[in-house]
């Protein structure tokens, strides 16, 4: 486990030297493979990624979210193949438990990036991607209210952040990764 954590730490540290958003395809693939091969340590790996996200400059937070997305998608697929039920009752060290932990952290990550990432980054694209791919689970309601009005009214990202009672909330979002 400690070698996997050390390897992950190396990947994450090297992301800081990349130009914004701080990630490359090879880094995403490497971290995803590492996390998939060491799922028994999912709680430590997720904590390490979360800590890196919180410490990363605003210009590099989006890159960490790309990593989280890739790892989680892989874990969802493997949990389904293994017949693991994703949720709070999933045993530690399983793909399903990892997905559940990421699901719980997603509102915190999204709030942080909305508040701290530079405007010229692809936050709008990320939010649009989340809307169209049905990635946000109830966490949509946990996003900060101030974020609701940061975007022009008729952009998909703006609609994504509106509450379900809003006339602009056209499509309810399905559960995260399920």
Next item on the list: Rank these for me by crowding, 95, 50, going from fewest to most other beta carbons within 10 Å.
Entry: 50, 95
Notebook entry, point to check: Spin-label point model (7 Å from Cα, Cβ direction): what's the residue 81 to residue 13 distance in nm?
Noted result: 3.2 nm
Checklist line | Fewest-first sequence of 64, 76 by Cβ atoms within 10 Å of each Cβ | finding: 76, 64
Checklist line | residue 115-residue 33 FRET efficiency (beta carbon distance; Förster radius 35 Å; 0.05 resolution) | finding: 0.65
Note to self: Test of understanding: ordering 77, 42 by Cβ neighbours within 10 Å, fewest first, what list do you get?
What the structure shows: 77, 42
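Each value in this text was obtained by applying a stated rule to the coordinates, not by laboratory testing. Bear in mind that the values here come from a model prediction, so they are computed numbers and not experimental data. Please note: Cβ atoms are built from the backbone with ideal geometry, for glycine as well, and neighbour counts cover all protein chains shown.
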